[in-house]
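None of the figures in this text is laboratory data; all of them are computed from the coordinates on show. The shown structure was predicted, so the numbers you read here are calculated from the model rather than taken from an experiment. In this analysis, Cβ positions are derived from the backbone assuming ideal geometry, glycine residues included, and neighbour counts consider all displayed protein chains.
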Amino acid sequence: MAEIQHLPFVRHLRAEPTAYVVHLQKGRPRHKGPGLAFWFLPLTSALSEVPIADQEQPLLFHARTRDFQDVTVQATITYRFTDPVLASTRIDFGIDPKTGRWNSAPLERVGGILTELCQQPALALIGTLGVEEVLNAGIELVGERVADALVGDARLAERGVVIGDVRVVAVRAENDLERALQTPTREQVQAESDRATFERRALAVERERAIAENEMQNQIELARREEELVAQHGANARSRATEKAEADRIANVAEAERIRVSAAAEAERAEVLGAAEAASTRLLGEAAAAGEAARIDVYRDLDARLLTALALNELAANLPAIDNLTITPDLLTDVIRRFGGAA
């Protein structure tokens with residue numbers, strides 16, 4: 001929007017660099033160009049301001065597909081005025097000399113023209129396609145068709161308008177139809193999710209089975225090693241028992257041999273001792289016999305009374321202790337008689 005300063009009988013206009021100003025005075029161009037600043041008389045001047053920057057026009061319209069389904073097309077068109085003087089002569093871009101505002105809504109009029117020009121090729125294209133084709137490839141197809149239609153349109157060229165870009169943002173069906181069309185995809189996605197879940201569960205089961213088999217193999221291996229250990233313990237025990245029995249046998253044999261040798265030595269010693277004792281006994285007997293014979297020889301030459309006295313003496317030496325002695329008259333008589341006879 002142009003900035004206008006008020007002075008008595010005269011005014012000053014200053015435009016933006018992106019605005020093309022056309023100043024007509026008495027029907028003839030007095031000033032024209034972008035970003036101008038000049039003085040003018042309001043009573044004899046006609047001012048127009050045409051934007052030369054890129055403008056965007058959003059579009060939203062409905063269309064019907066070949067299978068009688070309603071779709072909504074949302075697009076954005078970028079355009080600019082390449083001939084502002086021509087545009088100011090075909091479209092009312094006049095501004096108020098007091099406020100600098102447009103007297104009408106020129107951009108809205110241009111937007112209406114663009115909307116009408118876009119809708120016609122878009123509706124014609126969508127009417128030949130099914131709803132699924134429109135929803136799948138409608139953005140690209142509608143954008144190309146609308147761009148081709150706008151680039152070569154004579155009405156835009158007559159107004160100095162050039163299309164810069166056509167962007168179709170979305171082509172959408174009604175909510176119920178979109179949900180119905182999304183159902184197979186959702187079901188497929190859900191099926192894929194379920195399949196992935198089942199595969200994950202199957203993988204988990206397979207891993208659990210592998211773990212269980214590994215544990216079972218470990219248990220079998222431990223049992224086998226335990227069996228080998230028990231067998232080894234048994235073998236060791238049998239070996240120890242065999243060695244102990246062999247050692248006991250050897251010890252018994254050695255003890256028996258020792259006993260035999262000891263018995264033989266004892267028998268030999270006993271035999272030697274017996275022979276020595278027999279010899280000694282024999283010698284003692286012979287000595288005793290010789291002594292007894294010598295004593296008998298001595299006793300044989302002695303008197304009977306002396307022998308009796310010796311016998312009594314020997315008897316008295318070997319008799320036990322006599323506390324009381326009873327002498328009968330018969331015994332005394334006999335003794336006296338003997339002693340008397342001896343005398």
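Worth pointing out:
- Modelled FRET efficiency - R0 45 Å, residue 192 with residue 170, Cβ distances, 0.05 increments: 0.95
- Sites count as exposed loop sites when they are chymotrypsin sites (Phe, Trp or Tyr not before Pro), lie in a DSSP loop, and have at most 11 other Cβ atoms within 10 angstrom; the longest stretch of the chain without one is 69-343.
- Computed 3J(HN,Hα) for the range 141-155, one whole-Hz value per residue from the Karplus formula 6.51 cos²θ - 1.76 cosθ + 1.60 where θ = phi - 60°, is 5, 5, x, 5, 5, 5, 4, 4, 6, 7, 4, x, 7, 6, 5, glycine and proline marked x.
- Ignoring aspartates and glutamates fewer than eight residues from residue 98 along the same chain, the ones with Cα atoms less than 12 angstrom from its Cα are 3.
- With a simple spin-label model that places each label point 7 Å from the Cα along the Cα-to-Cβ direction, the separation between residue 297 and residue 279 comes to 2.7 nm.
- The alpha-carbon of residue 26 sits under 20 angstrom from the alpha-carbons of these aspartates and glutamates, leaving out residues fewer than 8 places away in its chain: 49, 92, 96.
- For residue 19, net neighbour charge (Lys/Arg +1, Asp/Glu -1) across residues whose Cβ lies under 11 Å away: -2
- Taking 0.36 nm per residue of sequence separation and removing the Cα-Cα distance, the residue 287/residue 182 pair yields an extension gain of 22.8 nm.
- In nm, spacing of pseudo-spin labels at residue 43 and residue 229 (7 Å Cα→C-beta vector): 12.4
- Pairwise Cα distances in the range 84-243 exceed 21 Å in 73 percent of cases.
- Local electrostatic count at residue 2 - Lys and Arg +1, Asp and Glu -1, tallied over other residues with Cβ under 14 Å: +1
- Computed 3J(HN,Hα) for the range 247-257, one whole-Hz value per residue from the Karplus formula 6.51 cos²θ - 1.76 cosθ + 1.60 where θ = phi - 60°, is 5, 5, 4, 4, 5, 5, 4, 5, 5, 5, 4, glycine and proline marked x.
- Correct choice for Cα extents along the principal axes in Å that was computed from the model, options (1) 70, 50, 34; (2) 232, 59, 42; (3) 60, 53, 47: (2)
- Label-point gap, in nm, between residue 261 and residue 236 - each point 7 angstrom along Cα→Cβ: 3.7
- Among the trypsin sites (Lys or Arg not before Pro) in the range 29-115, those placed in a DSSP loop whose Cβ has at most 15 other Cβ atoms within 10 Å are 66, 98, 101.
- Intensity falloff of the range 17-120 expressed as log10 I(q)/I(0), Debye formula with alpha-carbon point scatterers, at q = 0.12 Å⁻¹: -0.50
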